[in-house]
Amino acid sequence: MGPQSTAVGLLVMAAGLGTSTLVAQRSPDSADAVLADHLDRVFRSADAAG
């Protein structure tokens, strides 16, 4: 997946997490943990690539 696709995917995920937090489907801490996990994966991949 290229950088642009990765950025779009993270934006969409963050919007979905925000919505699910607003309607009380998920706690803010849970949303933060999910987003942090995905960002860690993106940056680990970027570090491994070069």
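Look at (1) open to solvent by 100 Å² or more (accessible area, probe 1.4 Å); (2) assigned to a helix (DSSP H, G or I); (3) among the aliphatic types (A, V, I, L, M) and you find that MET1 fails only one, number (2). Only one entry in ALA46, ALA15 is open to solvent by less than 90 Å² (accessible area, probe 1.4 Å), modelled with pLDDT of 90 or more and not acidic (Asp, Glu), namely ALA15. Scanning the range 1-19 for residues that are more than 13 Å from ALA46 (Cα to Cα) and among the hydrophobic types (A, V, I, L, M, F, W, C) yields VAL8, LEU10, LEU11, VAL12, MET13, ALA14, ALA15, LEU17. On the stretch given as the range 31-43, residues that are exposed (fewer than 11 other Cβ atoms within 10 Å of the Cβ) and modelled with pLDDT of 90 or more total 3. The conditions of being open to solvent by 60 Å² or more (accessible area, probe 1.4 Å) and in contact with a helix residue (DSSP H, G or I) (Cβ under 8 Å, 6 or more places away or on another chain) are met by PRO28.
The values are calculated or read from the model by the stated rules, or taken from the named source; none is laboratory data. Since the model is a prediction, treat every value here as computed from it, not as a measurement. Cβ sites come from the backbone with ideal geometry, for glycine too, and all protein chains shown count toward neighbours. Heavy atoms of the whole protein, side chains included, go into the accessibility calculation; ligands, DNA and RNA do not. Shrake-Rupley method; radii C 1.70, N 1.55, O 1.52, S 1.80 Å.
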